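Each remark here refers to the structure printed beneath this line.
The values are calculated or read from the model by the stated rules, or taken from the named source; none is laboratory data. Keep in mind that this is a model prediction, so the values were computed, not measured. Reconstructed Cβ throughout: ideal geometry from the backbone, glycine too, with neighbour counts over all protein chains shown. Surface accessibility is based on the protein's heavy atoms, side chains included, excluding ligands, DNA and RNA. Shrake-Rupley method; radii C 1.70, N 1.55, O 1.52, S 1.80 Å.
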Amino acid sequence: MTEDNSPRHSVDANLEVIFDEALRESVKKEPRPQISASFYPYAGLSSTIRLRDGRIYARVSDLLRPSPREVLLSLARILIAKLYRLKAPKETERIYSEYASRPEVIEASDATRRRRGYKITSPPRGQAYDLDKVFDHLNARYFDGRLQKPVLSWSQRPTRRVFGHHDGVHEAIVISRTLDTYSIPRFVLEFVLYHEMLHIKHPPRRSGSRSIYHSDEFQADERRFEKFREATDWLEQIAAPSRRKKRQRRKR
Ligand SMILES: [Zn+2]
């Protein structure tokens, strides 16, 4: 992991002072380890701590950046206690969990989870297919080359139900790693990417309180794909096992 140097992950002097305070309370014996503490754009309210080469590295969800000092100190005490296998005071746990369970904090946490779950990108060139090249081909063929190229990425993990995702907030398209293999015909991957590209061409429309993502125009365009039938059949085949499992799970 090299993200310790990335600008999004710069150490925070105030946070280090807080962690140092928590460390001094718990660990009386000197010398104590040095601390690097930073806010990190985790999905959700995660925070981590570890000891490496005699230095403590603490990362706190950047959602907590605006929280009161008392809350950050409580979290620091909890993490330090965890690192040294001590028991954090009850009061400490209470302060932190009360803050973390506030509706607005939960809401913000869920929102980042939704967004950031897909934000971690990996290069468009996969094992079998290069999303950049496939995009250029589709763009020329179906969009007169006029579509702006978003960030293209393979998903971190294979998925069996969702094969593509267009993230309008970050202008990114993420394609399931499941499709990055020669056992999947190229036109199947092309169709999945084509669908996500149509989301750029047809931005969601508001209809009352709902958003329409797959409008009639969208669906008409989708059927213009040369091997529309074959591609949809393929995708149903690949998705079938997990759908079956899901049905069984529901029955239980
Ligand atoms: Zn869609």
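Structural remarks
- Between 0 and 90 degrees, the angle of helix 228-251 with respect to the longest Cα principal axis of the chain falls at about 50 degrees.
- Hydrodynamic radius (Kirkwood) for the stretch 121-251, which is based on Cα pairs only, to one decimal in Å: 15.5 Å
- Rolled with a 1.4 Å probe across the full set of protein chains, the surface gives E104 an accessible area near 110 Å².
- Computed extension gain for E171 through K133, at 0.36 nm per residue and net of the alpha carbon distance, reaches 11.9 nm.
- Of A37, A172, A88, the residue with the greatest mean-square motion in the GNM of the chain, using alpha carbon springs below 10 Å, is A88.
- Remark: the chain carries 62 Å² of accessible area per residue (probe radius 1.4 Å; ligands, DNA and RNA excluded).
- Residues considered: D233, D144, D167. Largest GNM mean-square fluctuation over the chain, using C-alpha springs under 10 Å, is found at D144.
- R223 contributes about 140 Å² of solvent-accessible surface, heavy atoms of the protein only, 1.4 Å probe.
- For the stretch 67-156, the fraction of 1.4 Å probe accessible surface lying on carbon and sulfur atoms is 50 percent.
- Listed residues K82, K201, K29, most fluctuating in the chain (Gaussian network, C-alpha, under 10 Å): K29
- For the chain, the Cβ-based charge dipole about the Cα centre amounts to some 1360 debye (Lys, Arg positive; Asp, Glu negative; other atoms uncharged).
- Solvent-accessible surface of protein heavy atoms, probed at 1.4 angstrom with all chains present, puts W234, W154 in the order W234, W154, largest first.
- Computed over the alpha-carbon atoms, the chain gives an Rg to Rh ratio of 1.09, Rh here being the Kirkwood radius from the mean inverse distance.
- Pairwise FRET efficiency - S211 versus F187, Cβ, R0 = 35 Å, nearest 0.05: 0.75
- Each of A81, S38, T92 was scored by the projection of its Cα onto the charge dipole of the stretch 3-117, and the greatest displacement toward the positive side belongs to A81; charges sit on the C-beta of Lys, Arg, Asp and Glu.
- For the residues E25, E196, a 1.4 Å probe over the protein chains yields an accessible-area ranking, largest first, of E25, E196.
- If you sort V27, V134, V17 by accessible surface, 1.4 Å probe, largest first, the order is V17, V27, V134.
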